[in-house]
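Participant: Shown below is the structure under consideration.
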């Protein structure tokens, strides 16, 4: 199937994901989800969609901040990263016999 003239290649390479990070990223290589390009500043990143969210959010230490992200862009990506940390922490607490316990322990 050939892309229509109005379809950009980045739309073809966009993963089937609801992650907010994909609103700011496009895949560079269809076979490697860790190679992405920021739609705001065109910076190419290796490290995947979470690293791109650090870039857009302007969180120092992991990657250079995007010079073109708005306060809303920064807040959306920061919130998504915070949710990811919260989810990982809950899973770890649950597995180690936390409040809900773990049926395997």
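Participant: In the stretch 58-105, which residue that is modelled with pLDDT under 95 and on the phi > 0 side of the Ramachandran plot is surrounded by the fewest Cβ atoms within 10 Å (Cβ to Cβ)?
Facilitator: 61
Participant: Here's something else I'd like to know. Restricted to the stretch 19-42, and to residues that are farther than 18 Å from residue 78 by Cβ and not in a strand (DSSP E or B), which residue is modelled with the highest pLDDT?
Facilitator: In this case the residue turns out to be 42.
Participant: Considering only the stretch 43-67, state which residues are part of a loop (DSSP other than H, G, I, E, B) and in contact with a helix residue (DSSP H, G or I) (Cβ under 6 Å, 6 or more places away or on another chain).
Facilitator: Within the stretch 43-67, 58, 62, 63, 66 meet the criteria.
The values are calculated or read from the model by the stated rules, or taken from the named source; none is laboratory data. In this text, all values refer to a predicted model and were calculated from it rather than measured experimentally. Counting neighbours? That spans all protein chains shown, and the Cβs are built from the backbone with ideal geometry, glycine included.
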